[in-house]
Amino acid sequence: MVHAGSMYVIQKTERTVVELAIENGVTGLGETWGTPDAYALAQRFAKDWLGKDALDRYALRELLGKTSYDNRFGRNGLAAVAGLDLAAWDATARSLKMSLAELIGARRRESVDVVSTLPAAILPKAVTRKELTDHLDVLANTKLVVEFALEQVRKSGFRSFKLKSAAYSPEWDWKLLNELREAMPKARIRFDPNANYGAATATELCRRLDALGLEFFEDPTGELEGIARLKAAVKTPVATNMWVVNDEHLVPAIRRRAVDVVLGDLFMWGGIDAWRRMARVSHAYGLKPALHSVYETGIATIANLHLASALPEVEYPNDSGLHFLSSDVLVEPQVVKDGAMQLPSGHGLGVTLDRAKLEKLAIESTDICSA
Amino acid sequence: MAAPVAIAHTHVHSLRLASGAEALVARVLAADGTAGFGFTLNLDAGAARDMAAWDALARCKGVALHALLGGSYRNKIHCLRDELPAIAADWTALRKDILEGRHEILRIDPFAWGSVEMVQTIAAVASAFDLSIALLAPNAHPWEIQYCAALAATLKGDDTRIVVRSAPPFASIPVSEEKGIGIDWSIESSFSKIQWQS
């Protein structure tokens, strides 16, 4: 499948998969971005980890945190920590014979609604930006996206959708969202132009879209100040996963009343504990935390399910792109049924790495172990 | 959020301490038969039950409390004398005061706030707003200090501390690595004499 949005037109995704073997023989799984920087940093941090107590996740974060808390490596540093941190949480939960959700706080629900991403346009292959905008100039092409959405309803019972806008044409978005609403009157629909509309255009468009009763506008425009002003001008909730993405963004967002929903990405926030703290702080000040994702493998997708199950602050469905990937790295197939995914039973994440699949997909692999 | 443990039985006893003060001591029996204990010198047994449930879970899993809560940020906690009042257990008021910048350090009596979860939530907010946390052991009883130490281990922040009203019995207390919440119940001889219901 081709994924088109305002930031990219892609046909593949690359991930860093972490396997953390600890002294008691237990192995934990983690995942993070597959960018060269995130992969290189994950390797480097993993070397620093050798010989430390993997059950003490805070201490590990502190150890790695000289880089991540100082933000020396920016988002890549936090993302690299998050991949290792997830593996440590999984290993700990497996060692304690608890599910990851229980270790995070509680296993409150077995099923979590997930969101089907809708590409900005349905394209036969990854195209140039020029080819994309040529396609978007033909407003009749919106029907392809509506058909795609209805196919997701038929196949997997999705009730929640995220339209990735190319932020090229407000008229395209206006027409398409109206058609989606008409085709799926009861669906939750979130609209995400990734802050690529200017403030005035975004505000004008979102004011018109208020009538459609969308779930929320996700990053309708840029910067905290921009979305704060837009939020004050519309009735629909406003979410972000671009402007409130780590600890130091949270308090300014609370003070400025900039957003309603913090759509937190496990990798951007730097792991389980950081995400859990974000959820608690957000909830304390009336913001709603929700789980962001793009195209994770089953590992991070399942981690997000455990977070949603564990934390009562999470009310919105989880973003998920797993069902669009042509292959996964887990033994157990992860299915979306009636618009929801089930938490696996078993300890930790409750899933098993499929080595054959991993080896087939692997671009590069590194073993880091003590002598 | 209580401890994620299946509870078979809970019982609360009143206990006379060596000092003459009265404590409420709770025992939680987990479904697998593991017993956990908690206490408070306040009148509300809720904090004691919550503590006992976490103790039961940690004992059942064979780990210290901090392993269940994410780990330990430190291996010892400073104890200081501090006579300033603890913040009233009013979450609405505290959130507002924090937002308005009225605190630099949050003096929290964990027994008054009632649960591990509540302390963790306050600590998360304190961390976001770059505030320090001081956990108050209101009567400076060793059990109180030990419980504060177990909690303080898990709180992010450079200068998390335990405060008492009088001269502290020690300058710092190590974070317990014993199974459970790390309280030495044998300090009070009356504890072993409690007749727990089966």
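The values are calculated or read from the model by the stated rules, or taken from the named source; none is laboratory data. Computed from a prediction, not measured in an experiment: that's the story for all the values here. Positions of Cβ are generated from backbone atoms using ideal geometry, with glycine treated the same way; all protein chains shown enter the neighbour counts.
For region B:166-194, what are the residues that are assigned to a loop (DSSP other than H, G, I, E, B) and either acidic (D, E) or free of Cβ contacts under 8 Å to residues at least 40 places away in the same chain (or both)? Within region B:166-194, B:E177, B:E178, B:D184, B:E188 qualify. When A:K231, A:K186 are screened for being buried (at least 18 other Cβ atoms within 10 Å of the Cβ) and either among the aromatic types (F, W, Y) or in contact (Cβ under 8 Å) with a residue 12 or more places away in the chain (or both), only A:K231 passes.
How many of the residues making up region A:314-333 are in contact with a strand residue (DSSP E or B) (Cβ under 9 Å, 6 or more places away or on another chain) and crowded, with 21+ Cβ neighbours inside 10 Å?
Number of matching residues: 9.
The requirement of being under 30 Å from A:Y58 (Cα atoms) and without any contact (Cβ under 8 Å) to a residue 60 or more places away in the chain is fulfilled nowhere in region A:204-223; no residue meets it. Taking region A:142-170 as the range and being small (G, A, S) and within 16 Å of A:G5 (Cβ to Cβ) as the test, the residues that pass are A:A149, A:S165, A:A166, A:A167, A:S169.
On the basis of being over 25 Å from B:R165 (Cα atoms), touching a Leu at 6+ places or on another chain (Cβ under 6 Å) and assigned to a strand (DSSP E or B), does B:A23 make the cut? For B:A23, the condition - over 25 Å from B:R165 (Cα atoms), touching a Leu at 6+ places or on another chain (Cβ under 6 Å) and assigned to a strand (DSSP E or B) - is not met.
Only one residue in A:L144, A:L177 is part of a helix (DSSP H, G or I), surrounded by fewer than 18 Cβ atoms within 10 Å (Cβ to Cβ) and in contact (Cβ under 8 Å) with a residue 12 or more places away in the chain, so which one is that?
Step by step, each of A:L144, A:L177 is checked, and only A:L144 is part of a helix (DSSP H, G or I), surrounded by fewer than 18 Cβ atoms within 10 Å (Cβ to Cβ) and in contact (Cβ under 8 Å) with a residue 12 or more places away in the chain.
Every residue in region B:61-93 that is assigned to a helix (DSSP H, G or I) and more than 9 Å from every other protein chain (Cβ to nearest Cβ), please. Even if it seems obvious, please write down each step before you answer.
Filtering region B:61-93 down to residues assigned to a helix (DSSP H, G or I) leaves B:61, B:65-69, B:91-93.
Correct list: B:L65, B:T92, B:A93.
Within region B:1-60, the set of residues being charged (D, E, K, R) and either in contact with a helix residue (DSSP H, G or I) (Cβ under 7 Å, 6 or more places away or on another chain) or buried (at least 17 other Cβ atoms within 10 Å of the Cβ) (or both) comprises B:R16, B:R27, B:D32, B:R49, B:D50, B:D55, B:R59.
Of the listed requirements (1) within 14 Å of chain B (Cβ to nearest Cβ); (2) in contact with a Cys (Cβ under 7 Å, 6 or more places away or on another chain); (3) of a type in the set (V, I, T), A:V234 misses just one: (1). The criterion of at least 3 residues that are at pLDDT 90 or above is met by the following helices (runs of 4 or more DSSP H) wholly inside region A:1-100: A:36-49, A:74-95. Please state which one of B:D97, B:D55 is outside any loop (DSSP other than H, G, I, E, B) and either touching a residue at least 60 places away in the same chain (Cβ under 8 Å) or hydroxyl-bearing (S, T, Y) (or both). Of B:D97, B:D55, the one residue that is outside any loop (DSSP other than H, G, I, E, B) and either touching a residue at least 60 places away in the same chain (Cβ under 8 Å) or hydroxyl-bearing (S, T, Y) (or both) is B:D55.
Mind checking whether some residue in region B:78-94 is under 26 Å from B:V5 (Cβ atoms), in contact with a Pro (Cβ under 8 Å, 6 or more places away or on another chain) and surrounded by 18 or more Cβ atoms within 10 Å (Cβ to Cβ)? No; the residues of region B:78-94 include none that is under 26 Å from B:V5 (Cβ atoms), in contact with a Pro (Cβ under 8 Å, 6 or more places away or on another chain) and surrounded by 18 or more Cβ atoms within 10 Å (Cβ to Cβ). Restricting attention to region A:254-270, the residues being touching a residue at least 24 places away in the same chain (Cβ under 8 Å) and either facing chain B (nearest Cβ under 10 Å) or among the acidic types (D, E) (or both) number 3.
Of all the numbered requirements in (1) surrounded by 21 or more Cβ atoms within 10 Å (Cβ to Cβ); (2) out of contact with any helix residue (DSSP H, G or I) (no Cβ under 6 Å at 6 or more places or on another chain), A:E204 misses one, and that requirement is (1).
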